[in-house]
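Peer 1: Below are the structure tokens for one structure; questions will follow.
The values are calculated or read from the model by the stated rules, or taken from the named source; none is laboratory data. What you see is a predicted model, and the numbers here were worked out from it, not measured in a lab. Note: ideal-geometry Cβ built from the backbone for every residue, glycine included; neighbour counts use all protein chains shown. Areas reflect the complete protein model, heavy atoms only, side chains present, ligands, DNA and RNA absent. Shrake-Rupley method; radii C 1.70, N 1.55, O 1.52, S 1.80 Å.
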Amino acid sequence: VCTMNSAKQFDVKRNIMSGSIPSCVDKLTAMRSLKLSDNKFTGTMPEALHAMTNLQKLFIDGNFFSGNPLVVFDEIQSLEFVYAEDNEFHGLLDDNYPRHMKHLMALDLSANNFTSHVFPSRLLQLPELRILDLSMNSLQGHKPDQLEVNSVLWFFSVYKNMLEGGIPSSLTSL
């Protein structure tokens, strides 16, 4: 796969493929869409993934990936869609995340083991974010009474976590 330097899309979803993402992915700088969903891939997200500077769509859901991918995801500033649900990821999802993903439209981190001590409200402020699914993780803490929410968010889910407090009034207009 790493010899496909000019490839813009790589799609092997819904197979029985296994193994890990090779670190040579840093050579795939033209790649815009990487779809590895519903396979048996394992391992962590290689740091070399951030060299895929044109990557817009990352579909890695339904695998056995592990580790903390949050820093790697945040370094790919071109990302618009990240579907990473139903893996074995973990890491602290705090209010400083993300720092660089300004074009993000969909983020699905559900069914993993992410934690938080403060609700990651910065995600709701991303100007283009339409879908945010953080359900079935280990998020905890008190939700703020008021959250600043962008005007285009239309799907928000945090079910099956350990969050406390009421529903912020800013979310009732979704």
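Peer 1: The conditions are (1) under 23 Å from Thr3 (Cβ atoms); (2) assigned to a strand (DSSP E or B), and Gly91 fails exactly one of them. Which is it?
Peer 2: With (1) under 23 Å from Thr3 (Cβ atoms); (2) assigned to a strand (DSSP E or B) applied to Gly91, the lone miss is (1).
Peer 1: How many residues are at pLDDT 90 or above, assigned to a loop (DSSP other than H, G, I, E, B) and more than 16 Å from Leu79 (Cβ to Cβ) when one looks only at the range 1-21?
Peer 2: Result for the range 1-21: 9.
Peer 1: Taking the range 11-24, which residues are within 25 Å of Gly91 (Cβ to Cβ) and open to solvent by less than 60 Å² (accessible area, probe 1.4 Å)?
Peer 2: Hits for the range 11-24 are Gly19, Ile21, Pro22, Cys24.
Peer 1: Can we say Lys27 is crowded, with 18+ Cβ neighbours inside 10 Å and basic (Lys, Arg)?
Peer 2: Answer is no for this residue.
Peer 1: What's the number of the only condition in (1) over 27 Å from Gln9 (Cα atoms); (2) assigned to a loop (DSSP other than H, G, I, E, B); (3) open to solvent by 50 Å² or more (accessible area, probe 1.4 Å) that His100 fails to meet?
Peer 2: (1)
Peer 1: Identify, from the list Glu148, Glu128, the residue that is touching a helix residue (DSSP H, G or I) at 6+ places or on another chain (Cβ under 8 Å), open to solvent by 50 Å² or more (accessible area, probe 1.4 Å) and in contact (Cβ under 8 Å) with a residue 12 or more places away in the chain.
Peer 2: After applying the criteria, what remains is Glu148.
Peer 1: Asn161: open to solvent by less than 70 Å² (accessible area, probe 1.4 Å), farther than 23 Å from Ala48 by Cα, polar (S, T, N, Q) and more than 14 Å from the chain's Cα centre (by Cα), yes or no?
Peer 2: yes
Peer 1: I would also like to ask the following. Does any residue of the range 77-85 turn out to be closer than 27 Å to Glu128 by Cα, among the small types (Gly, Ala, Ser) and touching a His at 6+ places or on another chain (Cβ under 9 Å)?
Peer 2: yes
Peer 1: Taking the range 24-40 as the search range and keeping residues that are among the small types (Gly, Ala, Ser) and farther than 16 Å from Glu85 by Cβ, which one is nearest to the chain's Cα centre (by Cα)?
Peer 2: Out of the qualifying residues, it is Ser33.
Peer 1: Can you tell me which residues in the range 104-130 are farther than 17 Å from Ser78 by Cα and among the aliphatic types (A, V, I, L, M)?
Peer 2: Within the range 104-130, Leu109, Ala111, Val118, Leu124 meet the criteria.
Peer 1: Filter the range 33-46 down to the residues that are without any contact (Cβ under 8 Å) to a residue 40 or more places away in the chain and in a loop (DSSP other than H, G, I, E, B), then identify the one that is most open to solvent (accessible area, probe 1.4 Å).
Peer 2: Thr44
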